[in-house]
Amino acid sequence: MESPASGLAARGDLRSALPYLPVVLRGGALFWPPAAQEPLRALALGPDVSRVVSGDVLADALTDLRLALAQPPLPNRAADGFARFFDDLLSRAHAREWFAEVLPSLARLLLRLPALLEDHYAKVADGASGLRILESQDAGIVLLGQELIAGLLACSLFCLFPTEGRVETSLPMINFDGLFSALVHHNSRQSQEQKLRCLVHYFERVTDSTPAGSVSFERKVLPSHSVSGGITYPDSDMWMKSSAPLCQFRVFSSGFIEDEVQEALEVDFANKYLGGGALLRGCVQEEIRFMINPELIVGMLFMASMEDNEAIEIVGAERFSQYMGYGSSFRFVSDYLDTKPFDSTGRRRTRILAIDALDCPTMSQYESSGLLREVNKAFCGFMDQSKHQLYVKLFEGSNRKDNCPSTSSGEYIGVSTGNWGCGAFGGNPEIKSMIQWIAASQALRPFVNYYTFEAASLERLEEVIQWVLRHGWTVGELWHMLMDYSSQRRRGETRMGFFGWLLPRDNHSSDLHYMSE
């Protein structure tokens, strides 16, 4: 009978990931280098043996671990950050509990990491959904158990992942040294402390009760050329021809995407590097989601940055924290018990979709190339390649909305989103709301739940939605209007927002702009 480790050396997925992991492969087995095993065992036995009873001493222990892995010492500022957080910011009682119980449990989890990885690879065929580096244009899925994810995130906390080669492969950094370093930055914000409180709470939860579900990470690619008959990157003419009907669109002035009660693709307003500034000083929509659902962070280990025709969908990430505030006002509040049901693969029915918007586009967001980039980015995320034949028919205009092909899947999974790319990235909320509506409709999603976060520019969004639906427009017709408006905006023929430009100027006018061609 084969051992779980047999054949590991021949696996392409493991060979891909191994340079970025702190464990080694020898003799067909994964293990910690001997020099690292001793300090890990000491940590696992608790403070009576390890003598690690403070953040200051913990930083020294992590430096010893890094040196044992032939890595440079923990940066001085990160070491100071560990000391500040565990010695100054946590209460004495909390810190004692952390060093007496949580830290030894994390060390024991790390000692099991090689076996968890071997078990992971034994369960999946080579490359099927095994842990591997998913580079740009490499469409695929990685499926990880929550216990393995906890072990990998413990590596991040201990700052044990190798950093060499990550920049060249367009991979974001995954160790937590940047988070701790920011605590002692001259312009440090309290939100940095609160982000770490979320992560500390996560580690307390998973060491108290080992989670048994799974999480999938998928790189979705909208190729420029047809692959096995799949849908390709649409051009503006294809969007103009689309006969897809516009889906239901509901506007919410209050509430949050992460609290969505219906099963939906919950949009992460992402950086092209997954996680954005989550492990640095960022604390807006994407970074907050990564703090309250820390399992998302592990995707940063193996997901290279996204190009214009790519999106990342993560299914199953558990939420652990309740929070309040945004940006500098962000605060960890309390524990959160995630009650989302599980699917047949053990994933929670939480679907988080990372799509990155154009950064500070100014007038380029009104160029046809800018509009096309954004609608295709959203469509790439919203689409399901199994429905590619239906998409093609609708792009060709061969089925009018009254004869729309059925999805036949029985799924009722919509889109939950908001002002994507409209904060620090500077996008136009009126345009972005319409682009997402167009993309979701073309992807045959049944609904869009749109959270405005009380944006003043979207006060008329509900009015616009009802007006468009009342006139029965298709995706192609709404796209035509966006192109027409953007053309006028570029030429300086209008300074109005899209909503004001689109809606009738007075109560007696109901003429449609597109009828005047």
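The values are calculated or read from the model by the stated rules, or taken from the named source; none is laboratory data. The structure displayed is predicted, hence computed values, not measured ones. When we count neighbours, we look across all protein chains shown, and the Cβ atoms used for this are built from the backbone with ideal geometry, even at glycine. Surface accessibility is based on the protein's heavy atoms, side chains included, excluding ligands, DNA and RNA. Shrake-Rupley method; radii C 1.70, N 1.55, O 1.52, S 1.80 Å.
Panel values: segment 112-189, Kirkwood radius from alpha carbon pairs, Stokes-Einstein at 10 °C and 1.306 mPa s, translational diffusion coefficient 109 µm²/s.
Here segment 184-236 is treated as a Stokes sphere of Kirkwood radius computed over C-alpha pairs; at 20 °C and 1.002 mPa s its diffusion coefficient rounds to 133 µm²/s. Our note on the geometry: Cα centres of segment 276-334 and segment 233-255, 26 Å apart. Taking segment 192-244, which chymotrypsin sites (Phe, Trp or Tyr not before Pro) meet the DSSP loop condition and have no more than 12 other C-beta atoms within 10 Å? Counting only loop positions with at most 12 other Cβ atoms within 10 Å, none of the chymotrypsin sites (Phe, Trp or Tyr not before Pro) in segment 192-244 qualifies.
Tell me the angle of helix 55-68 to the major Cα principal axis of the chain, expressed in degrees between 0 and 90 and rounded to the nearest ten. Once rounded, the angle reads 90 degrees. Relative to the longest principal axis of the Cα atoms of the chain, helix 146-157 runs at roughly 70 degrees. Taking a ≥ b ≥ c as the square roots of the Cα gyration tensor eigenvalues, segment 274-395 comes out oblate, since a/c reaches at least 1.5 and a/b does not exceed b/c. With axes computed from alpha carbons, what is the tilt in degrees of helix 113-123 against the longest principal axis of the chain, rounded to the nearest 10 within 0 to 90? The helix 113-123 is inclined about 50 degrees to the chain.
Charges only on Cβ, +1 for Lys and Arg, -1 for Asp and Glu: so what's the dipole of the chain about the Cα centre, in debye to the nearest 20?
80
When the inverse distances between all different Cα atoms of segment 11-68 are averaged and flipped, the Kirkwood radius reads 12.9 angstrom.
Identify the trypsin sites (Lys or Arg not before Pro) of segment 413-505 meeting these criteria: DSSP loop state and at most 10 other C-beta atoms within 10 Å of the C-beta. Could you put the intermediate results ahead of the total?
Working: sites: Lys432, Arg460, Arg470, Arg489, Arg490, Arg491, Arg495, Arg505; in loops: Arg460, Arg491, Arg495, Arg505.
Here the trypsin sites (Lys or Arg not before Pro) that fit, given the DSSP loop and packing criteria, are Arg491, Arg495, Arg505.
Phi angles of segment 215-221 translate, via the Karplus equation with coefficients 6.51, -1.76, 1.60 and θ = phi - 60°, into HN-Hα couplings of 9, 10, 10, 10, 8, 9, 10 Hz per residue; Gly and Pro are given as x. The accessible area of Asp335, taken with all protein chains in place and a 1.4 Å probe, comes to roughly 80 Å².
What does the charge count around Pro429 come to, taking other residues whose C-beta lies under 13 Å from its C-beta (Lys +1, Arg +1, Asp -1, Glu -1)? Walk me through the numbers before you get to the answer.
On the way: positive: Lys432, Arg460; negative: Glu374, Glu430, Glu454, Glu459.
Here the count lands on -2.
Neighbours of Ser191 by Cβ distance under 13 Å: Lys/Arg scored +1, Asp/Glu scored -1, total +3. Panel note: the C-alpha atoms of the chain, placed on their principal axes, show extents of 82, 54, 39 Å (largest first).
DSSP finds beta bridges in the chain, and of those with both partners inside it, around 55 percent are antiparallel.
For Ser214, the residues 5 or more places off, or on other chains, whose built amide H falls under 5 Å of its own are Gln146, Arg347, Arg348. In the distance distribution for segment 62-158, Cα-Cα pairs more than 22 Å apart total 47 percent.
Annotation for segment 302-355: GluC sites (Glu not before Pro) lying in DSSP loop with at most 15 further Cβ atoms inside 10 Å of their Cβ are Glu307.
With a/c under 1.5 counting as rounded, go ahead and sort segment 50-100 into rounded, prolate or oblate using the C-alpha gyration tensor (a ≥ b ≥ c being the square roots of the eigenvalues; past the cut-off, prolate if a/b is larger than b/c, else oblate). Oblate, because a/c is 1.5 or more while a/b does not exceed b/c.
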